[in-house]
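The values are calculated or read from the model by the stated rules, or taken from the named source; none is laboratory data. Computed from a predicted structure; not experimentally measured. FYI the Cβ positions are ideal-geometry reconstructions off the backbone, even for glycines, and counts take in every protein chain you see. Accessible surface areas use protein heavy atoms only, side chains included; no ligands, DNA or RNA. Shrake-Rupley method; radii C 1.70, N 1.55, O 1.52, S 1.80 Å.
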Amino acid sequence: MSEYTLHCFAESGNAYKAALMLELTGQPWQPVFVDFFNGQTREQAWRDEVNEQGEVPVLEHAGKSFTQSALILEYLAEQTGQFGPRDEDEKREIWRWMLFDNHKFTSYYAALRFIYCLKQMGETDVTKFLRDRATAAYRIVDAHLAKTPFMVGGRLTIADLSLAGYVFMPEDTGIALDEFVHIEAWKARIKGTPGWKHPYDLMPRTAPVQVPFG
Ligand SMILES: N[C@@H](CCC(=O)N[C@@H](CS)C(=O)NCC(=O)O)C(=O)O
């Protein structure tokens, strides 16, 4: 039996952050598929039993349940002794980037990808707004990565794994990603880490059909 259980689905970059951490740290883990596109996370029973916040990822370990990818990453860093901070300054710096990621870098990009690529709702003022905001966040991370190979401490940490949630997703959001040369080089470094896997190879995937969930 696997030590860790991760409630997830492949299209979720937020779940990918936890799945990639489990994989790179060599933990025994099993995925539990969440049928997000058919509304499972909005079912009251799922919220009662799995996560009252109605979101994946959810990590189960040692009789406890953890939600919020940043908190899961920190927990796994503590448990495994890998990819965590070396001191209190690094801990704060890691949290600074994980909060920026949750608020801006992941969230605007993920919302854009969801409505523009997965739901295919077409170009609207909302997609334009999200693309502008995501692009601005990408510029900030790109500028930081011009100065350092990884976000904190010059080595791969959970700050990188948080920010990397959606950067390997293949869907075209209309953002010219090749503009971000430092992010591209950073992605190559992460990809070169032993054990790296693409999100669609790491977690169970919904059949790529029309997305009915609104
Ligand atoms: N801040 C959360 C975001 C999690 C999140 O947005 N998960 C999405 C899938 S990628 C979800 O489950 N959304 C369900 C919903 O909004 O109904 C984290 O980092 O874990």
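Counting only protein chains, not ligands or nucleic acids, how are H182, H144 ordered by accessible area (probe 1.4 Å), most first?
Details: H182 65, H144 30 Å².
Largest accessible area first, the list is H182, H144.
Can you list, largest first and rounded to whole Å, the semi-axes you get for the chain by taking the square root of 5 times each eigenvalue of its Cα gyration tensor? Display every interim value, and only then the final one.
Values: eigenvalues 120, 116, 43 Å².
Values for the chain, descending: 25, 24, 15 Å.
Grab the other residues whose beta carbon is less than 15 angstrom from that of Q79, score K and R as +1, D and E as -1, and report the net. Write down the numbers at each step before the final one.
On the way: positive: K64; negative: E3, E23, E60, E74, E78.
After counting each charged neighbour, the total is -4.
Given the protein chains as shown and a 1.4 Å probe, how many square angstrom of T80 are accessible, to the nearest 10?
Accessible area, nearest 10 Å²: 30 Å².
In sequence order, what are the phi-derived ³J(HN,Hα) couplings for the range 181-196 according to the Karplus relation 6.51 cos²θ - 1.76 cosθ + 1.60 with θ = phi - 60°, rounded to whole Hz, with x for glycine and proline?
Karplus-based 3J(HN,Hα) across the range 181-196 equals 5, 6, 5, 4, 5, 5, 4, 5, 5, 5, 4, x, 6, x, x, 4 Hz.
When the accessible area of the range 88-191 is split by element with a 1.4 Å probe, what percent falls to carbon and sulfur? Spell out each step's value before the answer.
On the way: 2680 of 4770 Å².
Answer for the range 88-191 is 56 percent, counting heavy atoms of protein chains only.
Picking from S65, S107, S162, which is most flexible by a Gaussian network model of the chain using Cα springs under 10 Å?
S65
Under 5 Å between amide H atoms, partner at least 5 residues away or on a different chain: which partners does V32 have, H built in plane at 1.01 Å?
Amide H to amide H, under 5 Å and 5 or more residues apart or across chains, V32 pairs with L6, H7, C8.
Using protein chains only and a probe of 1.4 angstrom, how many square angstrom of M21 are accessible, to the nearest 10?
Spelled out: M21, probe radius 1.4 Å, area about 0 Å².
Leaving ligands, DNA and RNA out of it, rank T135, T124, T173 by accessible area with a 1.4 Å probe, largest first.
Details: T135 25, T124 55, T173 0 Å².
So, going from the largest accessible area down, we get T124, T135, T173.
Pick out which of P28, P85, P149 has the largest mean-square fluctuation in a Gaussian network model of the chain, springs linking Cα atoms closer than 10 Å.
Largest GNM mean-square fluctuation: P28.
Once each part is reduced to its C-alpha centroid, what is the distance from the range 122-184 to the range 11-78 in angstrom?
23 Å
Let me have the relative contact order for the chain, percent, based on Cα pairs under 8 Å that are six or more residues apart.
Values: 296 pairs, mean separation 65.3, N = 214.
Dividing the mean separation by the residue count of the chain yields 31 percent.
Among W196, W186, W97, which one moves the most in a GNM of the chain with springs linking Cα atoms closer than 10 Å?
Checking each option, the largest mean-square fluctuation is seen for W196.
So what J values fall out for the range 108-115 if you push phi through Karplus, 6.51 cos²θ - 1.76 cosθ + 1.60 with θ = phi - 60°, rounded to Hz, Gly and Pro as x?
These are the phi-based 3J(HN,Hα) values: 5, 5, 5, 5, 4, 4, 5, 7 Hz.
Please give the charge dipole size of the chain, origin at the Cα centre, charges +1 on K and R Cβ atoms and -1 on D and E Cβ atoms. Round to the nearest 20 debye. Please report the intermediate quantities before stating the final value.
Working: 22 positive and 29 negative charges, 78 e Å.
Computed charge dipole of the chain: roughly 380 debye.
Please turn the phi angles of the range 160-173 into ³J(HN,Hα) values with the Karplus equation 6.51 cos²θ - 1.76 cosθ + 1.60 (θ = phi - 60°), one per residue in order, whole Hz, x for glycine and proline.
Ordered by residue, 3J(HN,Hα) equals 5, 5, 5, 5, 7, x, 10, 6, 9, 5, x, 5, 8, 8 Hz.
Give the range of the longest stretch in the chain that excludes all GluC sites (Glu not before Pro) found in loop regions by DSSP and having at most 16 other beta-carbon atoms within 10 Å.
Numbers: sites that count: E3, E43, E52, E123, E171.
Between the exposed loop sites, the longest stretch runs 53-122.
Heavy-atom accessible area per residue, the chain, 1.4 Å probe: how many Å²? It would help to have the intermediate numbers written out before the result.
Details: 10130 Å² over 214 residues.
I get 47 Å² per residue for the chain.
Within the range 165-193, list the residues whose amide N lies under 19 Å from a label point set 7 Å along Cα→Cβ of A146.
So the set is 176-188.
Once the Cβ-Cβ distance between D125 and E78 is put in as r, and R0 is 35 Å, what FRET efficiency do you end up with, to the nearest 0.05? Before the final figure, lay out each step's value.
Working: r = 43 Å, r/R0 = 1.22.
The calculated FRET efficiency here is 0.25.
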